[in-house]
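Any read-out appearing in this document is the output of simple, stated calculations on the displayed coordinates, not a laboratory observation. Every value quoted in this text rests on a predicted model; they were computed, and no experiment measured them. Every residue, glycine among them, receives a Cβ derived from its backbone with ideal geometry; neighbour counts consider all protein chains shown.
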Amino acid sequence: MIETERLLLRPFLEKDAADVLEYLRKPAVNCFASMKLDSLEEAKEEMKKRARETEYYFAIVLKETGKVIGEIDAYPERGEPHDTSSPFDTFSPCWMLNEVYQGKGYAYEAAHAFFDYLFRKKGARRIYAYTEDYNLPSQHLCEKLGMRREGLFMEFVSFVNNPDGSPRYENTVQYAILKKEWL
Ligand SMILES: CC(C)(COP(=O)(O)OP(=O)(O)OC[C@H]1O[C@@H](n2cnc3c(N)ncnc32)[C@H](O)[C@@H]1OP(=O)(O)O)[C@@H](O)C(=O)NCCC(=O)NCCS
């Protein structure tokens, strides 16, 4: 569990299903399209799976009310993906808030505490983030966290199809920060 002034970051519980359904009934961006939930039953099943994740996948909970207002996660990856001896010291976060709770500084508060946890307690050497070129709030968050804009990958990845069934490719911006920069 990670605590900040207004938030708790904790593993998901089955009782979080309704709160999560609120923001995953219609995922805000294409990169989360596959996470879409259609019913409370489906959300409960999803919470059962998430409840097993205790180190790297957290619900963002408003301390004042206990409501789950979003989520943040990042898993250890090899720093050099093609070298099987390379250490798992690299992380790429996903963050998402219920839109009712955006614009209140909660994403920054949660991400700042999560980055600190990854760098200080989970062996992170480098954290990088991918975000669509049109996702300005996410880019703004990366910049507030002190991340460097490292590049723009044109037609990098496809999460959804065009009406004719062909893949709709996204242009992706990469941001990153090193532990030595964070500290
Ligand atoms: C990306 C996302 C998490 C950013 O959330 P957010 O609420 O806009 O981000 P922040 O926490 O930085 O808060 C933004 C604003 O809240 C304002 N705010 C209001 N009250 C505040 C307070 N008490 N303390 C701090 N900031 C406050 C700030 O002014 C800040 O704007 P600024 O940085 O221009 O000053 C959110 O847009 C989201 O969930 N998007 C959909 C999912 C998504 O796109 N995920 C990323 C995929 S790559």
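For segment 1-46, give me each residue that is part of a loop (DSSP other than H, G, I, E, B), surrounded by 19 or more Cβ atoms within 10 Å (Cβ to Cβ) and away from the ligand (no atom under 16 Å from the Cβ). The answer is PHE12, and nothing else. In segment 67-91, the residues that are touching a residue at least 24 places away in the same chain (Cβ under 8 Å) reach residues that are among the acidic types (Asp, Glu) with C-beta atoms within less than 7 angstrom, at least six apart or across chains, in these pairs: LYS67/ASP19; VAL68/ASP16; VAL68/ASP19; GLY79/ASP89; PHE88/GLU77; THR90/GLU77; PHE91/GLU77.
The requirement of being surrounded by fewer than 18 Cβ atoms within 10 Å (Cβ to Cβ), under 15 Å from the mean Cα position of the chain (by Cα) and more than 24 Å from LEU13 (Cα to Cα) is not satisfied by PRO163.
If you go through segment 108-156 and pick out every residue that is part of a strand (DSSP E or B) and near the ligand (Cβ under 9 Å from one of its atoms), you end up with 4.
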